[in-house]
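Here is the structure we will look at.
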Amino acid sequence: MIVVNPSNNNSLTFGAIAAVDEMLLEGLDDNSTLIGHAQGLVGAVGRDGSVASMLDFVFTEGEYNGSTLAIYGRFVEGDTIERPVIGGTGKFRMAKGYSIAKPVVVSATKVVYEFDVYVWHKEMKDN
């Protein structure tokens, strides 16, 4: 999965909080299929530049349409960002696991992160 942040305004001053709603694409190509959005909050929580993020990957197309994954955690900007998967909805009920995000495109106009998400979940039937 690919998350595109078009603003490249990643630097937050300590205590700042920002809402995010970024495109979730299937691949790295600009013409890749839009499969959802990464929505949530990020906040500058440490004087060392650390950030806490609360993201929901909201799937709107494809196999996981209507499902979500919750990825929350603290990180310091760098080459690799690891955060836990703490839950989900739809096909990802009872989800747990982790995500690894790497910046693959960094420019004056956008930052593109590639996410590898490793999830254990149990598909449950509705009553």
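The values are calculated or read from the model by the stated rules, or taken from the named source; none is laboratory data. Every value quoted in this text rests on a predicted model; they were computed, and no experiment measured them. As a convention, Cβ positions derive from the backbone with ideal geometry for all residues, glycine included, and neighbour counts pool all protein chains shown.
In table form, for the structure just shown:
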| quantity | calculated |
| --- | --- |
| Lone unmet requirement of (1) surrounded by 18 or more Cβ atoms within 10 Å (Cβ to Cβ); (2) among the small types (Gly, Ala, Ser); (3) closer than 19 Å to Val105 by Cβ for Gly40 | (3) |
| Flag if Val3 is modelled with pLDDT under 95, surrounded by 18 or more Cβ atoms within 10 Å (Cβ to Cβ) and in a strand (DSSP E or B) | yes |
| First in the stretch 13-28 and touching a residue at least 12 places away in the same chain (Cβ under 8 Å) and under 16 Å from Pro103 (Cβ atoms), second anywhere and β-branched (Val, Ile, Thr) and surrounded by fewer than 16 Cβ atoms within 10 Å (Cβ to Cβ), Cβ under 7 Å, 6 or more apart | Leu25/Thr33; Leu28/Val104 |
| Count of the stretch 19-38 residues which are of a type outside the set (A, V, I, L, M) and either assigned to a loop (DSSP other than H, G, I, E, B) or farther than 20 Å from Ser53 by Cβ (or both) | 7 |
| First in the stretch 99-114 and within 14 Å of Gly78 (Cβ to Cβ) and without any contact (Cβ under 8 Å) to a residue 40 or more places away in the chain, second anywhere and loosely packed, with under 13 Cβ neighbours inside 10 Å and not polar (S, T, N, Q), Cβ under 6 Å, 6 or more apart | Ile100/Glu82; Ile100/Asp116 |
| Yes/no for Glu123 being surrounded by fewer than 13 Cβ atoms within 10 Å (Cβ to Cβ), acidic (Asp, Glu) and either in contact with a Cys (Cβ under 6 Å, 6 or more places away or on another chain) or not in a strand (DSSP E or B) (or both) | yes |
| Complete set of residues in the stretch 92-127 that are under 24 Å from Leu28 (Cβ atoms) and touching a His at 6+ places or on another chain (Cβ under 9 Å) | Phe92, Gly97 |
| Condition check for Gly27: out of contact with any helix residue (DSSP H, G or I) (no Cβ under 7 Å at 6 or more places or on another chain) and at positive phi | no |
| Residues satisfying the stated conditions in the stretch 114-123, i.e. at pLDDT 90 or above and not hydrophobic (A, V, I, L, M, F, W, C) | Glu114, Asp116, Tyr118 |
